[in-house]
Amino acid sequence: MSERARDNTRQSAFDKPSAGSVLAWKRIEWRINTDYNRSMHQYPCVYRCAIQSPLNRLFDYLPPQASTSVLSQARPGMRLWVPFGRRRIVAILLEIAQSSEIAPDKLRTAEQFIDQRPLLDESYFQFFQWVADYYHHPVGDTVFGFLPSLLRKGRNADTTIASTERTWQLSRHGQGLISDNNDRVLKRAPKQSQLLRALLEQGVLTQAELADSGFSASITKTLSDKGLIEPASPSKHRKSDANKSAEVHLQANPEQALAIDAVAAHMDSYRCFLLHGITGSGKTEVYLQLIKRCLQAGKQALVLVPEIGLTPQMLDRFQRRFGGHILALNSGMTDVQRLNAWLTARNGDAHIVIGTRSALLAPLPALGLIIVDEEHDSSYKQQDGLRYSARDLAIKRAQLNDIPVLLGSATPSLESLANATQGKYNLLALTERAGGALPPQINLSDCNEPFAADGLAFTVIDAARRHLKEGAQVLIFINRRGFAPSLLCSQCGWIAKCAACEVRMTAHLMGNQLICHHCEQRELWPKQCPSCQHQPLQTLGSGTQKLEQTLEHHFPDVPVIRVDRDSTQRKGSLHSKLAMAQSGEPCVLLGTQMLAKGHHFPKLSMVAILDADTALYSSDYRGPERMAQTITQVAGRAGRGDRPGEVYVQSQLPNHPLLIQITTDSYAEFANRLLEERSALALPPFSKSAALLGEHRALEELLECMRTLRHNVEQSLATQGLGDVMTVGPVPAPMPRKSNRFRAQMILYSQQPGTLHRYLSSLRTALDKNTPPRGMRLAIDVDPIDTN
């Protein structure tokens, strides 16, 4: 590694501890229940292993009783079966030592190796050791969190890759049926006929690709039994592969060319770039041209997207540009698909990996570039278990690999903007829309006006009708799924609430159900009030299902395409809905956050944003930032083609100063004002934050336990000159009860990252030494983004 690269690695982009500060390869510190004054017992060989456990320690085992040749091939990173209590579990060998603190008669013997070669290499261990250190998470749980579930269960990695997913092709009989246009014999089975023609066009398709297109496994089995299709050789390529790589890259405009050259100049060293491009400015083209240079250098590229819904669209764009050797990784894959994709990436057979948050953990031996699209998105933050930020880990992984990382967004997070201002990131700007398209015109609409229908102002309805008559498309955005957010009795004031969470249940039309969107508890929609028997009950507010009915009433001649979690549950449904919108035919798109970012609809010329001001009532100081990001992102879907865009932002408070600033100023100007406020209040990004989160059946017992932890930690650190750590709480969480468990939190702030991490280290030690009462869960969340 060059001297400059070492310097870059020493100074983290977030002022975080270095990779080897607490945990280092072959030098792992035992911090929990360890007495360093005890004499060490000497052994010919001791295997120090990680297991998937909440205990923050490693475990020593004697080598398995095997031949000398087998033991001589043992390497860190290999999995093996070990006894643990009364169970037999999978462990990962991290170190081969000659001594242990455990007495000879107490050490147990490992059973046998699972792998013939290390599953993970040394550089990869350095990465997860830093993760365990920074997020104060148990080492073993961190290690296993990086692996697909089947590897955690002991599946043999060397044989799994051979059993890849089945790929189908037309049989000779099927080819004859299609070529003679005799597939009319399947006129009573149109889906079978469509599948045959899809195979005729593509040559081969995997079972997953067929499922994404709406063809179930039963259809393929039926056609296989009829002898019309047959399994294809794994090495056979589809007909369109050659065409997919035929797309010629677009000519970069001056701003795009400047951004591409800036990143390309540092392809052999670490540098973090923030690409702040307005919506429609061509950020994806910048990604594509940088990846081309990365591939030309013989390296792999990793592209992160925040939502599964964006993965197929991005994957299609990349395949049209680069052809094959592109791998998709996301949580929607089956265990077998995920394992095979993970092993394909590890073996270097995937040149480009595109995926959601967890794709960051894929092993890539020749990684040369990391791109994080929509870097501001909260979906990059894991909210349970190992609570990591994929964006932050992408930057750390780039540091350890000495490669560039590019963060892209039209609405960068305030943390990233602050880092760019301080010179930790290189800021690249795209200020003009690609192709000469103009930014949309934004109008504030008062939803208190006397004439409105189910949350839609008539000014919005009239504007939508005008755009549809001109052959354009319209997007109605509301971040609320279901029929109505509340069901109530107008007679006695009864409101339907979730018994497990004490929050309002959402009314859904399908099955006439009331659903809690926090714990998914379901009840039948009552016909009368359970309290006073009055009927009928009333719904309050509008969700996507109710708005769908309203829009179908006002626009009966065009399709209304609803895109939310409820309407896209079936596999392939999201892809088919987006395909309808991208066809360019006039339609009304109605959706939630799934439509807010990343999508390109050239014929979309009008956007209406409903209930845009809900963030103004949020108890979270990030509320204004998220509101500005949502409005900017959704508004950016309009006017990306040759039609000028028009945006209506409906609000109960159209004269609110923040709303006026968001709709009249640029996002950069609005963000700078928020940064000034955060700086004055010493809030992140001008301080570091963490949270201790707790859950228990009894609230007072939970709060008392957290108070005791706080007291013990602060008392133990008082003699060390702890420094300035401000603690808030413990107090009940804003949503104090969920799934019949009470929730509490303690928030920590410090302007000195090292001081905060010393506090968290002591807190982690206290948590491990003092086992909480049975059923109580306590977790540390570093850099929290949601404490509700």
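The values are calculated or read from the model by the stated rules, or taken from the named source; none is laboratory data. Everything numeric here is computed off the predicted structure, so don't read it as measured data. Here the Cβ is made from the backbone with ideal geometry for all residues, glycine too, and neighbour counts use every protein chain on show. Quick note on the areas: whole protein, heavy atoms, side chains included, nothing else; ligands and nucleic acids left out. Shrake-Rupley method; radii C 1.70, N 1.55, O 1.52, S 1.80 Å.
For region 273-302, taking the residues that are in contact (Cβ under 8 Å) with a residue 60 or more places away in the chain and basic (Lys, Arg), the one that is farthest from Arg397 (Cα to Cα) is identified as Lys283. Restricting to region 208-231, count the residues that are at pLDDT 70 or above and part of a loop (DSSP other than H, G, I, E, B). Residues flagged as at pLDDT 70 or above and part of a loop (DSSP other than H, G, I, E, B) within region 208-231 amount to 5. One residue stands out in region 415-432 among those that are buried (at least 22 other Cβ atoms within 10 Å of the Cβ) and aliphatic (A, V, I, L, M): the one that is nearest to Gly282 (Cα to Cα), namely Leu430.
Within region 365-383, being touching a residue at least 40 places away in the same chain (Cβ under 8 Å), surrounded by fewer than 22 Cβ atoms within 10 Å (Cβ to Cβ) and not in a strand (DSSP E or B) holds for Pro365, Ala366, Ser378, Ser379, Gln383.
Among the conditions (1) assigned to a loop (DSSP other than H, G, I, E, B); (2) buried (at least 22 other Cβ atoms within 10 Å of the Cβ), the only one that Arg391 does not satisfy is (1). Could you check, for region 487-495, whether at least one of its residues is under 35 Å from the mean Cα position of the chain (by Cα) and either touching a residue at least 12 places away in the same chain (Cβ under 8 Å) or on the phi > 0 side of the Ramachandran plot (or both)? There is at least one residue in region 487-495 that is under 35 Å from the mean Cα position of the chain (by Cα) and either touching a residue at least 12 places away in the same chain (Cβ under 8 Å) or on the phi > 0 side of the Ramachandran plot (or both).
Being of a type outside the set (D, E, K, R), in a helix (DSSP H, G or I) and either open to solvent by 10 Å² or more (accessible area, probe 1.4 Å) or within 30 Å of Ala420 (Cβ to Cβ) (or both) is a description that applies to Ala359.
Would you say Glu502 is in contact (Cβ under 8 Å) with a residue 60 or more places away in the chain, out of contact with any helix residue (DSSP H, G or I) (no Cβ under 7 Å at 6 or more places or on another chain) and exposed (fewer than 15 other Cβ atoms within 10 Å of the Cβ)? Before the answer, list the steps.
Numbers: in contact (Cβ under 8 Å) with a residue 60 or more places away in the chain: yes; out of contact with any helix residue (DSSP H, G or I) (no Cβ under 7 Å at 6 or more places or on another chain): yes; exposed (fewer than 15 other Cβ atoms within 10 Å of the Cβ): yes.
Taking the combined requirement at face value, the residue satisfies it.
Taking first residues from region 338-361 that are closer than 14 Å to Gly298 by Cα and partners that are assigned to a helix (DSSP H, G or I) and open to solvent by 10 Å² or more (accessible area, probe 1.4 Å), the Cβ contacts under 9 Å between residues at least 6 apart in sequence or on separate chains come to Ala350/Thr344; His351/Leu295; His351/Phe322; Ile352/Leu295; Ile352/Phe322.
Can you tell me which residues in region 739-767 are of a type in the set (D, E, K, R) and either open to solvent by less than 30 Å² (accessible area, probe 1.4 Å) or under 27 Å from the mean Cα position of the chain (by Cα) (or both)? I'd like the intermediate steps shown before the answer.
First, the residues of region 739-767 that are of a type in the set (D, E, K, R): 741, 743, 758, 764.
Residues satisfying the conditions are Arg741, Arg743, Arg764.
Considering region 328-341, and only residues there that are of a type in the set (A, V, I, L, M, F, W, C) and under 19 Å from Tyr380 (Cα atoms), the residue that is most open to solvent (accessible area, probe 1.4 Å) turns out to be Met333. Consider region 144-185 and keep the residues that are in contact with a strand residue (DSSP E or B) (Cβ under 9 Å, 6 or more places away or on another chain), modelled with pLDDT of 90 or more and in a helix (DSSP H, G or I). The one that is surrounded by the fewest Cβ atoms within 10 Å (Cβ to Cβ) is Arg152. Out of Gln593, Gln582, one residue alone is under 30 Å from Ala217 (Cβ atoms) and within 28 Å of the chain's Cα centre (by Cα). It is Gln582.
Tally the residues that are outside any loop (DSSP other than H, G, I, E, B), at pLDDT below 90 and within 30 Å of Ala265 (Cα to Cα), restricting the search to region 423-451. Give the steps one after another, and end with the answer.
Step one: of region 423-451, the residues outside any loop (DSSP other than H, G, I, E, B) are 426-430, 434-436, 441-446.
Now restrict to residues that are at pLDDT below 90: 434-436, 441-446.
Filter once more, so that each one left must be within 30 Å of Ala265 (Cα to Cα): 434-436.
The total comes to 3.
Scanning region 649-695 for residues that are in a strand (DSSP E or B) and either within 11 Å of Leu414 (Cα to Cα) or open to solvent by less than 30 Å² (accessible area, probe 1.4 Å) (or both) gives Val649, Gln650, Ser651, Ser689, Ala690, Ala691, Leu692, Gly694.
Step by step: first the residues of region 287-326, then only those that are in a strand (DSSP E or B) and modelled with pLDDT of 85 or more, then the one that is farthest from His276 (Cα to Cα). Which residue is that?
Restricting attention to region 287-326, the residues satisfying the condition of being in a strand (DSSP E or B) are 300-304, 326.
Adding the requirement that they be modelled with pLDDT of 85 or more leaves 300-304.
Values: Gln300: 24, Ala301: 20, Leu302: 19, Val303: 17, Leu304: 16 Å.
Going through the qualifying residues, I end up with Gln300.
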